[in-house]
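Working notes, beginning with the structure itself.
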Amino acid sequence: MIPLYFRESLPDGFFESEPHTAFEIFEGPTLIHLRGESDTTVFISTLLHGNEHTGYEALKSILQNQNRKKSLLILIGNVEAARFGLRQLESQHDYNRVWSGGDLPEQIWATQVLEKVKTFSPQYAIDIHNNSGRNPHYACINKLDSQFFALAEQFSPLTVFFSKPDSALSVAMKSICPSLTIECGLSNSHPGLGATTNFLNNCINIKSFQAAQSRYEYYQVVARIFIDPKYSFDFGNEDADISLNPEIDEFNFKELPTNTLLGRINKNGAELLVEDREHNHLESEFFDYSNQEIRTKKKMVPSMLTTNKTVIEQDCLGYIMDRVWHQT
Ligand SMILES: [Zn+2]
């Protein structure tokens, strides 16, 4: 069982701490309520993934200023995993896949956290994450609603909509208040930290964000790209069955023209696997393998492409998105 720690002040040593030393001042995952000038409360969550540090650093920055217009409810998540620089420990379940109920210790804990968070009737909920590949910073929403778009555009011109996994924190919060998962680029990247700090400062000091448009552009994931484990892969290494462009993560959120080269095939039959949400295979729809090359077969916008081989093996190479308009 995971206890729910709750406190009404920051622990001593908070401003000197780092994500990997947070376990020294937090006994475990902890909710912190900090009063501001008004009772309007913004809920901010960080370290649900222990190797994603931007949120923790941004909080240290914004909390230096004691004069806040609004109150804050902060969730410091998986400090045990952060101690070791890991997304989660091997013995743990992913802290951002436990928010839709269930009997696992992490799920029971998450349900308790949600009950407590609800008692504060937050105005906004922001869960802060990082990507493993180079991506611009962007906001994810889980409800096509103008208030959600208005909050998202304060952080980035790029908005992504997702409904799965439905066990993410921002999905659980969407029925309570406008909520976001924000992806701040690589952990410890300066542009991502600056954008996050500004955004959080605005959230806790500006009364509310009004929807100023009737039409919002967003992206939604249409398919996932991964590599069949029976083939070897590498970046810029022609000894591997599949040799990918070492700069592949430069393509994230860019509209790639037809015929863009992504890599080379060095073994007959090797190809990238592409699946939509219903697990339909779409390899031949998106990629062409003539002349032992992997080229795009149509225009596409990829995201979360990574060169981290562990992430690719455990999860995927990246996603293909569609650009969509929402009319309010
Ligand atoms: Zn994350």
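In segment 214-249, which residues are touching a Pro at 6+ places or on another chain (Cβ under 6 Å) and either touching a residue at least 24 places away in the same chain (Cβ under 8 Å) or surrounded by 15 or more Cβ atoms within 10 Å (Cβ to Cβ) (or both)? Please lay out each step first, then the result.
Of segment 214-249, the ones touching a Pro at 6+ places or on another chain (Cβ under 6 Å) are 235-236.
Within segment 214-249, F235 is the sole residue that qualifies.
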(request) Taking the residues in segment 191-205 that are without any contact (Cβ under 8 Å) to a residue 60 or more places away in the chain and open to solvent by 30 Å² or more (accessible area, probe 1.4 Å) as candidates, determine which candidate is farthest from I126 (Cα to Cα). (result) P191
(request) Go through segment 144-181 and give me each residue that's in a loop (DSSP other than H, G, I, E, B) and either within 15 Å of the ligand (Cβ to nearest atom) or within 14 Å of the chain's Cα centre (by Cα) (or both). (result) S156, L158, F162, S163, K164, P165, D166, S167, A168
(request) Select the strands (runs of 3 or more DSSP E) contained entirely in segment 226-328, then report the ones holding at least 1 residues which are aromatic (F, W, Y). (result) 233-235, 318-327
(message) Based on this model, can you work out whether L186 counts as assigned by TED's automatic domain parsing to the domain that holds R97, open to solvent by less than 50 Å² (accessible area, probe 1.4 Å) and either touching a strand residue (DSSP E or B) at 6+ places or on another chain (Cβ under 7 Å) or modelled with pLDDT of 95 or more (or both)?
(response) no
(request) Could you tell me which of the residues Q88, Q123 is more than 16 Å from the ligand (Cβ to nearest atom) and open to solvent by 30 Å² or more (accessible area, probe 1.4 Å)? (result) Q123
(request) Quick one: which residue in V311, V324 is under 23 Å from R87 (Cβ atoms) and of a type outside the set (S, T, N, Q)? (result) V311
(message) Just checking, does segment 7-29 include any residue being open to solvent by 10 Å² or more (accessible area, probe 1.4 Å) and part of a strand (DSSP E or B)?
(response) yes
(request) Kindly indicate the residue of segment 35-83 that is in a loop (DSSP other than H, G, I, E, B), away from the ligand (no atom under 16 Å from the Cβ) and of a type outside the set (S, T, N, Q) and also farthest from A168 (Cα to Cα) among those meeting that condition. (result) E37
(request) Name the residue, out of T46, T41, that is open to solvent by less than 30 Å² (accessible area, probe 1.4 Å) and either closer than 11 Å to P19 by Cβ or small (G, A, S) (or both). (result) T46
(request) Any residue in segment 53-79 that's in contact (Cβ under 8 Å) with a residue 60 or more places away in the chain: show its pairings with residues that are open to solvent by 10 Å² or more (accessible area, probe 1.4 Å) and among the charged types (D, E, K, R) at Cβ separation under 7 Å, as long as the two are six or more apart or on different chains. (result) R68/E37; K69/E37
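The values are calculated or read from the model by the stated rules, or taken from the named source; none is laboratory data. Remember, it's a predicted structure, so these values are computed and weren't measured experimentally. A quick note on method: Cβ atoms are made from the backbone with ideal geometry, for glycine too, and the neighbour counts reach across all protein chains shown. These accessible areas exclude ligands, DNA and RNA; they are computed on the full protein's heavy atoms, side chains included. Shrake-Rupley method; radii C 1.70, N 1.55, O 1.52, S 1.80 Å.
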